[in-house]
1. Please list, or write none, the aspartates and glutamates whose alpha carbon is within less than 20 Å of the alpha carbon of residue A:292, excluding same-chain residues fewer than 8 places away.
2. Working from Cα positions, state the angle (0 to 90°, nearest 10) between the long axis of helix A:176-195 and the longest principal axis of chain A.
3. In region A:1-96, which chymotrypsin sites (Phe, Trp or Tyr not before Pro) are in a loop and have at most 15 other Cβ atoms within 10 Å, using DSSP for the loop call?
4. Give the residue from B:69, A:91, B:191 lying farthest towards the positive end of the charge dipole for the protein assembly as shown; charges sit on Cβ (+1 for Lys and Arg, -1 for Asp and Glu) and the dipole is referred to the Cα centre.
5. At a Cα cut-off below 16 Å, give the aspartates and glutamates reachable from residue B:188, other chains included and same-chain residues fewer than 8 away excluded.
6. In straight Cα distance, which aspartates and glutamates are under 13 Å from residue B:199, not counting same-chain residues fewer than 8 positions off?
7. If you place +1 on the Cβ of every Lys and Arg and -1 on the Cβ of every Asp and Glu, how big does the dipole about the Cα centre of region B:86-169 come out, in debye to the nearest 20?
8. How many Cβ atoms of partner chains, on average, are near each residue of A:197-205 if near means within 10 Å of its Cβ?
Amino acid sequence: MSKLNKTVLLFLIFAAVAVVLNFVLSGFSVTPGALFYEKPGRFTGLISPYYYSVMILLCINVILSVSLALLNGFTGLFTMGHAGFMAIGAYTSASVVYFLLPTAPFFIQLIAGALAAGAFSGLVGFFIGTSSLRLNGDYLGMVTLGFSEIIRIILLNIDAVGGARGFSDIPVYMNLGSVLLITVITIMVIKRIRDGRLGRAMLAIKENEMAANMMGINPLNIKVKAFVISSFMAGMAGSFFAHSEGYLSTQTFSFAKSFEVIAMNVVGGLGSLSGAIMGAGILTVLPEALRKVQDITGVDLRMVIYALTMVLIMILRPQGLMGNKEWKWLSSK
Amino acid sequence: MAFLEINDMSLEFGGVKACQNVNMKLEPGILYGLIGPNGAGKSTIFNVLTGIYPPTRGDVKLGGESLVGHKPYEIAQRGVGRTFQNIRLFKELTVLQNVMVAFYSSSHSTIADMVFESKNFHNEESEVKTKALELLKVMGIEDLAEVPAGGLPYGKQRKLEIARALGLNPKILLLDEPAAGLNPTETKELTDLIRKIQKDRNITVLLIEHDMGLVMKICEKIFVLVQGQLVCEGTADIIQNDKRVIEAYLGVD
């Protein structure tokens, strides 16, 4: 009982921090909207709208990256279709809010959208999982890549969600404190799954599927679970993305996005949760930080430096920045 | 009725007859040996027993129930534990985690238990940990519990594999060349250990081994497999004096 209380206590502390953050960033406003779910109506000198949206993007990328780490890093399933799950989540959430709940309070929209996004994405993940998990290695990568492109093309051809014009006028209500809270929860959920018997089974399958089989573990069952959990989280990330941008285009969810998420995992260190977070941080912040450099130099070297950095990291630390180490608060002991 | 029965089992890969009409009956609580020249099909029999290959013909029964058609993990859950000729540990997991993996199917904590770190979860984790440590102690490697399994010396890896298989709480333990690559001291130590485990837990053990000293010393009954066919079975004395066995190992005059 005391342990459950510890989890609840931890949650309450993080939630309180999130609320205080919202309070400060919204210019000390005390309306429920400002404290819990609304994007600040006006930005005081504390943070510019630009940094605010970069921070939200960072959180979304961290969720994507750690959810891929569960599949790629822990279970050893090489998938290249994470953008597909994100797209499903983004469009589901936007559609639910836009068509079904246009007049509901933001608070309801936020929760309904995110849950619908996660649930639908998880469901699709379940079907993809069960149908393609007999494949291994590169083959699974190809199938998931194909699948994510199919999702994108289907969305491109549904006129109700904007088709090629993109889905606009989606209510915007992401606020940093809440997204940060959900990001932390996502990280903790994945950490705890990793440290439990399910996580051990996942790692065992990654290391040696045959031996895991001989230990009474059904690899298919574990892989499908990993797929569903991961796609649920990617769907939620998609939902937050939709409601932080207010506009969706299928272009965003091309395979380049999937590779970006894989790159986050690889740069940070495959198999390390801390690495996935660090990788997401670097690959989100670096291109934005380089804008400053561009202002000074006057030449657009942004993408060159970005690409060179990645190449250098891979040459100097092929195992990723964290290798398979973890930060202390994320280590299994 | 025997505890584990292999009835008239044949396994063919295309034209290659890996096993032909093999009949074996194993009684509970006895230590069996399975010997034969290289390529005789010893490991193949293990692979059939554990469900990796379905037999082409014939049947395998554990406690009266057929194992044919069941998935490898289902057979493992029914109490068939094994080790591998070429060691298959979870190299990046610690020694302790390796053994804890074996308790997966006998534990019950759900995803919610793990996420909320419920009382259930904590009790089960510490229980599994205690049991796993006990097994490591039996094998004499408990001081290495936190070391990654891939970093263990070869002999200790072999021991860890046995500890891991015991984590399933098996009714029958299949050991595929447990002494391969060990020096004489290690082999002697392992021999005693296998016999001790078998007696203490009163489980059936079937072991494949090329070290005849080990086999003759501890196996109560020995099966000899030559070119996929069982040519002889019996105690060490019977085997050593059997003409076909001598022929298979030493050739004919």
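Quick note: the coordinates plus some simple rules give every number you see, no bench work behind them. For clarity, every value in this text was computed on a predicted model and none was experimentally measured. For neighbour counting, all protein chains shown are included, and Cβ atoms are generated from backbone atoms with ideal geometry for every residue, glycine included.
1. By straight Cα distance, residue A:292 reaches A:300.
2. Approximately 10 degrees, to the nearest ten.
3. Numbers: sites: A:11, A:14, A:23, A:28, A:36, A:37, A:43, A:50, A:51, A:52, A:74, A:78, A:85, A:91; in loops: A:28, A:43, A:78.
Counting only loop positions with at most 15 other Cβ atoms within 10 Å, the chymotrypsin sites (Phe, Trp or Tyr not before Pro) in region A:1-96 are A:28.
4. Going by the Cα projections, it comes out as A:91.
5. B:177, B:209, B:211
6. B:220
7. Values: 10 positive and 11 negative charges, 86 e Å.
Value, rounded to 20: 420 debye.
8. Mean number of neighbouring Cβ atoms from other chains: 6.
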